1. Given H placed 1.01 Å from N in the peptide plane, which residues other than close sequence neighbours of Asn132 have an amide H under 5 Å from its amide H?
2. Show me, for the stretch 131-139, the HN-Hα J-couplings you get by feeding each phi into the Karplus relation (A = 6.51, B = -1.76, C = 1.60, θ = phi - 60°), rounded to Hz, glycine and proline as x.
3. Which FRET efficiency, nearest 0.05, do Phe162 and Leu131 yield, Cβ-Cβ r, R0 25 Å?
4. What FRET efficiency comes out for the pair Phe141/Gln175, r = Cβ-Cβ distance, R0 = 41 Å, nearest 0.05?
5. Tell me, what HN-Hα J-couplings in whole Hz come from the Karplus equation 6.51 cos²θ - 1.76 cosθ + 1.60 at θ = phi - 60° for each residue of the stretch 41-48, using x for Gly and Pro?
6. Calculate one ³J(HN,Hα) per residue across the stretch 28-33 by plugging θ = phi - 60° into the Karplus curve 6.51 cos²θ - 1.76 cosθ + 1.60, and present them in order as whole Hz with x for glycine and proline.
7. Enumerate the amide H contacts of Thr36 below 5 Å, restricted to partners 5 or more residues apart or on another chain; note that Pro and chain-start residues carry no placed amide H.
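Where a number appears in this text, it was derived from the coordinates with a stated rule and is not lab data. It should be emphasised that the depicted structure is a prediction, and the values quoted were computed from it without experimental measurement. Positions of Cβ are generated from backbone atoms using ideal geometry, with glycine treated the same way; all protein chains shown enter the neighbour counts.
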Amino acid sequence: MFSGNAFNLVLNGLTSGGGQTVVSDEMGTVAAGAYTVAQAAGFVPNTSVVWLTPSGGGLTRQLSSAAASSAGVSYIEGAAGALTFAAADNGGTVRVTYQVSLTSGGQTTTISNVLMNTSLGSQVTLIETSLNRTNNKQSTFILTLNQVILPSLKLDFKVGDFTIPDYTMDVSADQNNNIGTLYYSNYDF
């Protein structure tokens with residue numbers, strides 16, 4: 001299963017916007033030099049890919065509606081999923097793949113190259129509990145790092161044994177120039 005939220009965390013805390021989905025291999029017939037996709041209301045412009053038969057093969061999408069489409073070679077993508085073909089393509093079968101914008105149920109993540117110290121990273125808390133040798137009571141040591149990026153994380157599992165994580169952390173100051181906090185109670189120095 002794929003989790004959009006987990007993917008966003010891997011990409012340094014990016015957030016998602018409204019969703020999109022792909023409609024694959026919608027089949028139709030060119031009539032009167034045109035074909036309109038079934039989900040025209042949510043059609044995302046400049047996302048269509050068209051294959052035409054019997055001419056065979058993929059067609060080239062023309063960006064300018066001023067030019068005429070060439071039979072078996074190109075098509076023009078218009079507003080709301082209206083695809084215009086040459087008159088010679090009438091009766092041809094089209095297979096269209098395109099994106100549709102969703103109001104719910106999908107996520108779109110914009111991937112960006114964030115500058116150093118501007119990424120959110122993740123907050124990491126390391127906790128160690130042990131027995132204080134002086135008073136024989138439990139002692140706690142907590143280290144919280146405000147901005148951490150984990151470039152590598154490996155978890156080896158072996159039946160009947162402990163898991164020993166192997167990871168690397170890149171720690172940097174947060175937007176307030178703080179690295180983190182250290183808390184300890186009943187700790188024997």
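1. Lys137, Gln138, Ser139
2. Working through the residues one at a time gives 9, 5, 6, 7, 10, 6, 10, 5, 10 Hz.
3. Details: r = 20 Å, r/R0 = 0.79.
Taking R0 as 25 Å, the efficiency between Phe162 and Leu131 is 0.80.
4. 0.95
5. Computed from phi, the couplings for the stretch 41-48 are 4, x, 4, 9, x, 6, 10, 7 Hz.
6. Using θ = phi - 60°, the values come out as x, 10, 6, 10, 6, x Hz.
7. Leu83
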